[in-house]
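What follows is a single structure, written as structure tokens, with notes after it.
Read the figures in this text as sums done on the coordinates, not as results from a lab. As the structure is a prediction and not an experimental result, all values here were calculated from the model. We place every Cβ from the backbone using ideal geometry, glycine too, and count neighbours over all the protein chains shown.
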Amino acid sequence: MIVSDCVVVFELRGHAVGIEAEDRDREVIRQLLPGYLVPGAERPPLWYRCCRTAKTWVVEDPRAGNRRTFRSAADAWDAIEYLVSWHLLRANASVPQVHAAGAVTSRGAVLALGQSGGGKSSIALHWSMNGLRVLGDDVVLLEGARIAPFKRLFSVSPTRLARYPVTTSPLFDSLSDDEDAWYDPARHGGAGWAEPAPAVRIGVVEFVADLGARIEVEPLGAPALLNHLSASLLPGGAPSTACFDHLVSIARRAEGMILRFGEAGLAADYLARP
């Protein structure tokens, strides 16, 4: 392999992906997934190149000759973050991957399952800014019957982020109001990333604007919770048949519920209550 100062390398559980970039872009790329950054690493077999012209950014796969062109730096960073995350998760296909937000309380892990746009990132941001170490805002991993973090930065709206006392500027703080900012729980005033923990409470969350400052809670028994957990497994990770016993253990031990809310902070506090 070639050692190169131009390549930023990320690695998860022995699987690496590199991004070659110019000096002015490498520092931003390093901050996209800092939890998996490997400083000074050799160029891995799997790598991409990011370059720019006067008006465009290009991300290409030199091996296959594929390339994508972007009109803004923010779009290029979004694409690179997604590309690296996708490869790290895909390379760890034997690990069960759950579409959920999570945090760890004094009792154990709490999860918010739900569809995209259902409020998971807002709930995770509230947890992080209120002293809980987080497991993620979109993807968490299973280590047996424990919930482990996937250290991907939160993509949140500047309006949502402005409600909290962020101590340092998030990445891309010069973006327009309609572009999401990146929030790092370990750097921007949050409590940091959590260690793996057993699940004690799992909510299937749904944002309902008409509820305002109210929440609706519907208890879930173990069989129904197991169904929701199985449905929340990402297709790139281990299938439910490979981790069924662990899912059953989680569903039996954790308190399950459907949680509808009008304010994310209320849902986050309810899930994290003692």
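Distance between the modelled labels on R43 and R63, one decimal in nanometres: 1.3 nm (7 Å Cα→Cβ projection). In the chain, what percentage of the DSSP-assigned beta bridges are antiparallel, given to the nearest 5? Around 75 percent antiparallel, to the nearest 5. By Kyte-Doolittle mean hydropathy of at least -1.0 and Cα axial length of at least 18 Å, which whole DSSP H helices of the chain are selected? Those that pass (Cα extent of 18 Å or more, hydropathy at least -1.0) are 73-91. Couplings 3J(HN,Hα) of the range 184-192, computed from phi: 9, x, 8, 10, 10, x, x, 8, x Hz, in residue order, whole Hz [Karplus 6.51 cos²θ - 1.76 cosθ + 1.60, θ = phi - 60°; x for Gly and Pro].
In plain terms, the bigger the Kirkwood radius, the slower the diffusion; for the chain, with that radius from Cα pairs, at 4 °C and 1.567 mPa s, Stokes-Einstein puts D at 67 µm²/s.
If the chain linking E179 and E218 were pulled fully straight, counting 0.36 nm for each residue of separation and taking away their Cα-Cα distance, it would gain 10.6 nm.
Simple spin-label estimate for Y82 and T167 gives 3.3 nm between the two label positions (7 Å along the Cα-to-Cβ direction from each Cα). Spin-label model, S72/A242: points 7 Å from Cα along the beta carbon direction are separated by 3.8 nm. Over the C-alpha atoms of the range 7-91, the Rg to Rh ratio, Rh being the Kirkwood estimate, stands at 0.93.
Here the scattering of the range 115-274 is modelled by Debye summation over its C-alpha atoms, one equal scatterer each and no solvent; at q = 0.14 Å⁻¹ the log10 of I(q)/I(0) is -0.74.
Note on the range 55-84 and the range 90-105: Cα centroid distance 25 Å, given to the nearest whole angstrom.
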